[in-house]
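The values are calculated or read from the model by the stated rules, or taken from the named source; none is laboratory data. Keep in mind it's a predicted model, so treat the numbers as computed, not measured. We place every Cβ from the backbone using ideal geometry, glycine too, and count neighbours over all the protein chains shown. Just so you know, the surface numbers come from the protein's heavy atoms only, side chains and all, with ligands and any DNA or RNA stripped out. Shrake-Rupley method; radii C 1.70, N 1.55, O 1.52, S 1.80 Å.
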Amino acid sequence: FIGTDTSELAGKVSTLEQQMAELLYTAISVTSFGHNVGTREYGDTVTTVTLSWAVNKTPVTLTLDGESLDVSDRSKTLTGLSITKDDGKTWRLVATDERGETSQKTTAITFYNGVYYGAAEEPTTYNRAFVLGLTKELRGNRKPSFSVTSGVGQYIYYCIPTRLGTCSFNVGGFDGGFEKVRTLNFKNASGYSESY
């Protein structure tokens, strides 16, 4: 039996193992991060939120706004909150892998006031009840387009916060066709008031 020096072979095996590890390595990635609250209306207060996320592999460390989480967690429910449109709350999730690489995502609750539109007969007075009877979309800007079917004796109404500026309309390829009927201090369904 002849003895053989295997140190050179061991070095090559080690190099091959390192190269294989490099080929098989996938950096950590937070693939999604969100919450269950959706878009909220001005005047609303969020008291509970469930944050949920996905990662492409189990991290070595996982933090939410700097607080350590169990690396197997994929959601966290926060209670006792009092988040309004003025709070601007954003959560940051950071995952770190075995090589110290990190991936992060943020999520925030968005608050908007409504843009209201629809077809109706001319009311006796343009008031809160009339506006609340129209279709509402929570938006941070003027709605670029909308479809309304009006019947005999009906008009098309469009109500937006005054702060969004003056609107121009194009109906069926023709500019105009709308006139301002009133500006009112409107209180939405969540109790928030502003000029419409």
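The chymotrypsin sites (Phe, Trp or Tyr not before Pro) of segment 48-157 that meet both conditions, a loop assignment by DSSP and at most 13 other Cβ atoms within 10 Å of the site Cβ, are 146.
Quantify, in whole percent, the carbon and sulfur part of the accessible surface of the chain (1.4 Å probe; protein heavy atoms only). Walk me through the numbers before you get to the answer.
Numbers: 5920 of 12350 Å².
Heavy-atom surface of the chain belonging to carbon and sulfur, 1.4 Å probe: 48 percent.
Average accessible surface for segment 75-178: 61 Å² per residue, computed with a 1.4 Å probe over protein heavy atoms with every protein chain in place. Positive end of the dipole of the chain (Cβ unit charges, origin at the Cα centre): among 186, 25, 108, the Cα lying farthest that way belongs to 186.
The 3J(HN,Hα) values that the Karplus relation (6.51, -1.76, 1.60; θ = phi - 60°) gives for segment 58-72 are, in residue order, 5, x, 7, 9, 9, 10, 10, 6, x, 8, 5, 10, 5, 5, 8 Hz. Gly and Pro appear as x. Phi angles across segment 73-81 convert, under the Karplus curve 6.51 cos²θ - 1.76 cosθ + 1.60 with θ = phi - 60°, into 3J(HN,Hα) values of 5, 10, 7, 8, 9, 10, 10, x, 8 Hz, Gly and Pro given as x.
For the chain, a Gaussian network of Cα nodes joined below 10 Å ranks 41, 22, 122 by mean-square fluctuation, and the top entry is 22. Which entry is the computed Rg and Dmax of the Cα atoms in Å for this structure: (1) 15.8, 46; (2) 28.5, 110; (3) 20.9, 67? Entry (2).
One chain, two ends: residue 166 and residue 63. Fully extended at 0.36 nm per residue, the span grows by 32.6 nm beyond their Cα-Cα distance.
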